[in-house]
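Values quoted throughout were computed directly from the atomic coordinates according to the rules given, and no laboratory measurement underlies them. Because the structure is predicted, anything quoted here is derived from the model rather than measured. For neighbour counting, all protein chains shown are included, and Cβ atoms are generated from backbone atoms with ideal geometry for every residue, glycine included.
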Amino acid sequence: MSYERPNIQRMHGYTPGEQPADASVVKLNTNENPYPPTDAVMAALQAIEPDMLRRYPPPLATPFREVAAAVHDLHVEELIATNAGDELLRLAITTFVEPGRAIGTLDPCYSLYPVLAAVHDSPVHAVPLNDDWSIPTPTDVAEQLNDAGVQLTFVVNPHAPSGLLTRAETLTALAEELDGVLLIDEAYVDFVTPELKYDAIEIVKALDNVLLLRTLSKGYSLAGLRFGYGIGDPGLIEPMLTKTKDSYNVDAVAQRLAIAALLSRDDARKSWDAVRDERARVITALMDLGLTCVPSQTNFVLATHPDAATLYAALKQRSIFVRYFDADRLRDKLRITIGTPDQNDALLGAMGELL
Ligand SMILES: *Cc1c(COP(=O)(O)O)cnc(C)c1O
């Protein structure tokens with residue numbers, strides 16, 4: 001006898017990247033920042049007092065939201081703090097999609113989106129990306145999604161798993177044409193080259209149907225903390241903040257450390273610069289070895305090789321973990337997280353021997 005709802009019975013859960021217990025593994029498979037959290041974050045952790053744990057945390061994380069508002073030049077009402085980025089995705093679905101109505105994605109995308117849609121018993125309407133991973137003409141995409149009755153569309157920018165950055169103008173054009181909400185998942189935005197002047201907050205200021213996802217997991221080296229936030233028009237934020245989120249969705253320790261993280265972003269930025277430098281080096285070296293690489297604006301690179309599956313297994317045997325997706329359009333590719341210079345040297349050395 002199963003007590004699950006039929007859609008839960010039918011669906012498959014999210015498959016997380018492997019987290020080996022062995023610390024000697026060169027772990028380039030889950031896009032963690034290879035550098036430690038800032039000193040300010042670690043000091044804030046040391047300073048946690050018993051009373052902070054005894055009492056309930058600020059329910060709306062208002063102290064954090066005030067700091068984030070100052071950092072991004074926004075109003076507190078345009079911000080919600082969440083139990084990492086993943087909770088914002090779930091909240092957006094719960095709040096903006098009637099069960100059974102479709103959710104839009106651009107394919108391929110973050111593999112959690114279809115899982116969350118299945119939990120909600122919503123079909124996914126996936127528009128394929130172009131061969132070079134760019135977004136097809138916004139008017140065409142919007143027309144398809146609107147025709148499918150989509151109320152919420154997820155776009156990840158810069159894109160995962162390719163690393164490609166879409167210009168803010170393209171996303172504006174898409175949002176303007178969509179009947180529903182556009183959630184721009186900016187999990188990797190901290191690694192975008194500053195000279196490109198990419199800024200999606202301008203879209204939020206101009207349009208009332210755009211929600212940005214930010215997370216401290218990647219840029220701030222805090223994947224273990226589980227803290228993220230959403231940026232959007234108060235009309236989108238308010239129902240999530242006051243109705244659909246858990247009453248105390250972000251814990252007191254996470255709130256305190258998240259404030260320290262944002263206030264020490266100049267320190268975190270050094271890790272973004274280091275990752276960008278290494279990203280350029282790794283891409284050049286992989287291309288020299290004969291792999292094709294997408295020009296990445298993230299902390300990972302998608303590299304193509306006909307024997308990707310074999311390479312993946314051979315690297316793993318040498319305790320170098322990268323990510324392989326047994327999925328259409330990705331079977332001849334490896335997604336490789338940019339590590340420290342030593343980790344990258346280990347990867348490139350092994351690849352050189354294997355090829
Ligand atoms: C990492 C990631 C997230 C959010 O991760 P959290 O750890 O839950 O903040 C969201 N989208 C994409 C594409 C990611 O890679």
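Largest GNM mean-square fluctuation among ALA126, ALA274, ALA43, using the chain with Cα springs under 10 Å: ALA43.
Neighbours of ASN157 by Cβ distance under 11 Å: Lys/Arg scored +1, Asp/Glu scored -1, total -1. Applying both filters, DSSP loop and at most 14 other Cβ atoms within 10 Å, to the GluC sites (Glu not before Pro) of segment 1-63 gives GLU4, GLU18.
Among beta bridges from DSSP that stay inside the chain, the antiparallel ones total about 45%. Count Lys and Arg as plus one, Asp and Glu as minus one, and take only other residues whose Cβ is under 14 Å from that of ARG331; the net charge is then 0. With R₀ set to 41 Å, the beta-carbon distance separating ARG55 from ASP208 gives a calculated FRET efficiency near 0.70. Dividing the helix sum by the residues of the chain, where each DSSP H run of 4 or more adds -39500 (n - 2.57), gives a mean residue ellipticity at 222 nm of -12000 deg cm²/dmol. When you restrict to C-alpha pairs under 8 Å that are six or more residues apart and normalise by the size of the chain, the relative contact order lands at 24 percent. Highest mobility in the GNM of the chain, judged by mean-square fluctuation with C-alpha springs under 10 Å and restricted to ILE93, ILE135, ILE48, is found for ILE48. Taking a ≥ b ≥ c as the square roots of the Cα gyration tensor eigenvalues, segment 206-355 comes out prolate, since a/c reaches at least 1.5 and a/b is larger than b/c. Shown is the FRET efficiency for GLU238 and ASN146, computed with R0 = 30 Å from the Cβ-Cβ distance and rounded to the nearest 0.05: 0.75. For the pair SER247 and ASP288, label points projected 7 Å from Cα toward Cβ lie 6.0 nm apart. Segment 204-224 and segment 88-152 have their alpha-carbon centroids 18 Å apart. Within the same chain, aspartates and glutamates fewer than 8 places from LYS316 are excluded, and of the rest, those with a Cα less than 20 Å from its Cα are GLU18, ASP22, GLU32, ASP307, ASP326, ASP332, ASP342, ASP345, GLU353. Averaging Cα coordinates gives a centre for segment 271-350 and one for segment 175-202; these two points are 25 Å apart.
In terms of distances greater than 25 angstrom between alpha carbons, the cross-link table entries LYS197/LYS245; LYS218/LYS270; LYS218/LYS333; LYS218/LYS245; LYS205/LYS245 yield LYS197/LYS245.
Within segment 3-100, the chymotrypsin sites (Phe, Trp or Tyr not before Pro) that combine a DSSP coil assignment with at most 15 other C-beta atoms in a 10 angstrom radius are TYR3, TYR14. Annotation: extensible slack from LEU196 through ALA47 equals 49.8 nm (criterion: 0.36 nm per residue apart, minus Cα-Cα distance). Summing Lys and Arg as +1 and Asp and Glu as -1 over all other residues whose Cβ lies under 10 Å from the Cβ of LEU88 gives a net charge of 0.
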